[in-house]
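In what follows, a single structure is set out as structure tokens and then discussed.
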Amino acid sequence: MINRRDILKTSTMGFGTLALNSMLAAESQPNKLPHLIAKAKRVIFLFQAGGPSQADLLDPKPLLNQKHGEQLPDFVRGEQRLTGMSGNQSSIPLAGSPFEFSQHGQSGQWFSELLPHTAKMADDICVVKNMYTEAINHGPGVTYLQTGSQIAGRPSMGAWMQYGLGTTNENLPSFVVLVTKNKKGQPLVSRLWGSGFLPSEHQGIRFRSGKDPVLYLNNPQGVSTKGRRQLLDRLADLHAHQHALSEEQAIMDRITQYEMAFNMQASVPEVTNLQDEPEATFSLYGEEARDPGTFAANCLMARRLAERGVKFIQLYHQGWDQHSYLKGGLARQCKETDQASAALVQDLKQRGLLEDTLVVWGGEFGRTNYSQGKLDGDKFGRDHHPRCFSMWLAGGGIKGGTSYGHTDDYGYNIVNADGLPISPTKHHYTEDAVHVHDLQATMLHLLGIDHTALTYKFQGRRFRLTDVHGDIVRPILA
């Protein structure tokens with residue numbers, strides 16, 4: 001029994017193989033990229049895992065303070081489902097924010113007292129207040145934002161971007177992941193930065209704190225650099241011979257990964273060594289930036305990676321899931337992240353990198369306007385809320401000093417500019433609501449990619465990051 005591949009390889013002196021390779025390439029590769037004029041060359045995504053509370057950080061609601069303790073009106077909630085954590089409560093009391101808000105910058109944007117450093121960047125960032133999602137729990141919510149699907153197994157956003165844009169640095173991966181150390185919260189699993197059904201070379205590479213930033217990168221004891229080079233050369237010969245027989249793309253991917261790993265043996269120690277940074281840098285990012293693995297140190301690392309041509313840098317910071325004791329927990333989270341987040345924007349700006357670096361800050365959904373459990377002083381918390389939440393973006397073609405979108409006075413539903421409630425079509429951008437896929441489409445657009453054209457054929461279907469939905473949010477573009 002022989003298959004089509006064997007027939008093409010053996011017929012007409014093997015010229016059939018050339019035709020087969022051409023067909024396979026056409027099936028798997030995206031259209032010529034970039035499709036558009038790119039405004040951003042790279043992305044730094046500061047992902048705040050757990051769901052930051054928009055009503056306590058970026059979207060003030062004075063009415064909640066006025067009605068603190070009163071029941072959530074039925075006309076506000078409508079038929080929205082609640083999680084099992086608060087859906088069975090006999091009382092759903094509205095909870096005003098314990099934090100003060102004030103306006104900042106020439107743009108007059110509103111920020112919580114918990115974000116004094118971010119507030120100083122008011123005229124450089126765009127706060128999007130009308131984000132929404134269908135996911136109501138963490139696993140599907142984070143997976144949705146990172147891969148475009150609530151179901152695990154799709155390629156991550158960084159993998160899609162590397163697949164489309166390739167790499168400009170042979171010594172560092174195009175997609176790097178940094179996770180704040182010693183943080184508790186909802187688990188973060190490697191599939192969030194995986195390549196899914198894309199070739200494995202596009203998966204994110206996690207840099208850790210400590211002696212070995214990348215696991216299994218260094219040579220074992222007794223193996224010299226010269227010896228490793230000779231081993232890789234002979235291994236590449238064997239792989240090339242195997243590829244000539246089977247034409248399997250995974251074999252070439254393996255060669256590429258081995259070569260990248262060898263080059264990274266020199267480049268990773270250099271980029272992860274923060275000791276060559278001047279004192280002014282640590283004053284900007286905060287003293288925690290001296291401690292590898294902290295959020296501050298990871299923000300500084302993100303700038304160093306951006307300078308060296310890394311195209312997608314994903315930071316994860318857990319702990320935003322304040323179901324109780326919101327006041328103290330949210331204050332701690334902001335103390336860990338506020339200064340460094342703002343410092344990153346300022347640092348990129350003063351180095352001339354912000355104009356072509358897209359910085360994104362936000363989580364998988366927002367928090368409720370009511371208390372989960374009993375409204376008991378500073379012990380109260382907020383449940384998950386997918387109907388509206390806030391994120392901010394800066395640089396890379398974003399219109400700074402702007403606030404986009406509106407939510408109702410209760411902070412529960414998205415409304416239009418006239419304050420009238422809207423029902424955004426599922427998975428479709430309107431002038432008044434921004435879906436997860438709209439955010440992803442906009443990010444790709446800024447990188448010069450038409451999100452409808454960046455596809456990969458898998459199991460008979462052409463997949464893309466935005467699935468079959470998504471529109472560019474043009475009003476936030478510079």
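Rule-based calculations on the coordinates, nothing more; no lab input. Computed from a prediction, not measured in an experiment: that's the story for all the values here. Cβ placement follows ideal geometry from the backbone for every residue including glycine, while neighbour counts extend to all protein chains displayed.
Once you place label points 7 Å from the Cα toward the Cβ at Thr168 and Ile37, how far apart are they in nm?
1.7 nm
Would you kindly state the longest site-free stretch of the chain, with sites defined as trypsin sites (Lys or Arg not before Pro) in a DSSP loop (not H, G, I, E, B) surrounded by at most 16 other Cβ atoms within 10 Å?
For trypsin sites (Lys or Arg not before Pro) (loop position, at most 16 other Cβ atoms within 10 Å), the longest site-free span of the chain is 82-180.
Quick one: if you stick a label point 7 Å off each Cα along the C-beta vector at Ala236 and Arg461, how many nm between them?
Rounded to a tenth, the inter-label distance reads 3.9 nm.
Along segment 395-408, what does the Karplus equation 6.51 cos²θ - 1.76 cosθ + 1.60 (θ = phi - 60°) give for ³J(HN,Hα), rounded to whole Hz, x for Gly and Pro?
Taking θ as phi minus 60°, the curve returns x, x, x, 8, 7, x, x, 10, 10, 10, x, 9, 10, 5 Hz for segment 395-408.
Output needed: percent of Cα pairs per 5 Å distance bin for segment 43-155, bins running from 0 to the one holding the longest distance.
2, 9, 14, 18, 19, 16, 13, 7, 2, 0
Subtract the Cα-Cα distance of Gln275 and Val189 from 0.36 nm times their separation in residues, and report this length gain in nm to one decimal.
27.9 nm
Please report, to one decimal in angstroms, the Kirkwood hydrodynamic radius of segment 330-417 built from all distinct Cα-Cα pairs.
Details: mean 1/r = 0.0647 Å⁻¹.
After inverting the mean inverse Cα-Cα distance, the result is 15.5 Å.
If one computes the Cα centroid of segment 131-208 and of segment 313-352, what distance in Å separates the two points?
So the separation of the two Cα centres works out to 19 Å.
If neighbour count is taken as other Cβ atoms inside 10 Å, put Tyr404, Tyr144 in order from fewest to most.
Taking fewest neighbouring Cβ atoms as first place, the list is Tyr404, Tyr144.
If the viscosity is 0.692 mPa s and the temperature 37 °C, what translational diffusion coefficient in µm²/s does Stokes-Einstein give for segment 104-143 when Rh comes from Kirkwood over Cα pairs?
269 µm²/s
On a full-extension model of 0.36 nm per residue, what is the gain between Ser90 and Asp418, subtracting their alpha-carbon distance, rounded to one decimal in nm? Mind showing how you got there, number by number?
Details: separation 328, 0.36 × 328 = 118.08 nm, distance 3.35 nm.
Between Ser90 and Asp418, full extension yields an extra 114.7 nm.
Once the Cβ-Cβ distance between Ala478 and Gln71 is put in as r, and R0 is 45 Å, what FRET efficiency do you end up with, to the nearest 0.05?
Once the sixth-power term is evaluated, E becomes 0.55.
Enumerate the calculated ³J(HN,Hα) couplings along segment 356-369 in order (Karplus 6.51 cos²θ - 1.76 cosθ + 1.60, θ = phi - 60°), each rounded to whole Hz, writing x wherever the residue is Gly or Pro.
10, 10, 8, 9, 10, 10, x, x, 7, 6, x, 10, 5, 7
So what is the relative contact order of the chain, in percent, for Cα pairs below 8 Å that sit 6 or more residues apart?
Relative CO of the chain lands at 28 percent.
Over the Cα atoms of segment 106-207, what radius of gyration and what Dmax do you get, in Å?
Rg then Dmax for segment 106-207, in Å: 16.9, 47.
Please give the net charge around Lys311, taking every other residue with its beta carbon less than 15 angstrom from that of Lys311, where Lys and Arg add +1 and Asp and Glu add -1.
+2
Modelling each spin label as a point 7 Å along the Cα-to-Cβ direction, I'd like the Lys226/Val468 distance in nm, to one decimal.
For Lys226 paired with Val468, the spin-label model returns 6.1 nm.
Rg and Dmax of segment 386-478 over Cα atoms: what are they, in angstrom?
14.7, 47
From the backbone phi of segment 118-126, what are the Karplus-calculated ³J(HN,Hα) couplings (6.51 cos²θ - 1.76 cosθ + 1.60, θ = phi - 60°) in whole Hz, Gly and Pro given as x?
3J(HN,Hα) across segment 118-126, in whole Hz: 4, 4, 5, 9, 3, 7, 9, 10, 10.
What are the extents of the Cα atoms of the chain along their three principal axes, listed from largest to smallest and rounded to whole Å?
Per principal axis, max minus min of the Cα coordinates gives 81, 52, 41 Å.
Give the value in nm², to one decimal: projected area of the alpha carbon convex hull of segment 160-214, averaged over all directions.
For segment 160-214, the mean projected area of the Cα convex hull comes to 4.7 nm².
Cut-off under 16 Å on the C-alpha distance; same-chain residues fewer than 8 positions from Lys226 excluded. Which aspartates and glutamates are left, in chain and number order?
Glu259
Are there any helices in the chain, counted as whole DSSP H runs, that stretch 20 Å or more along their axis by Cα and score at least 0.5 on average by Kyte-Doolittle, and if so which?
Membrane-span-like by this rule: 15-28.
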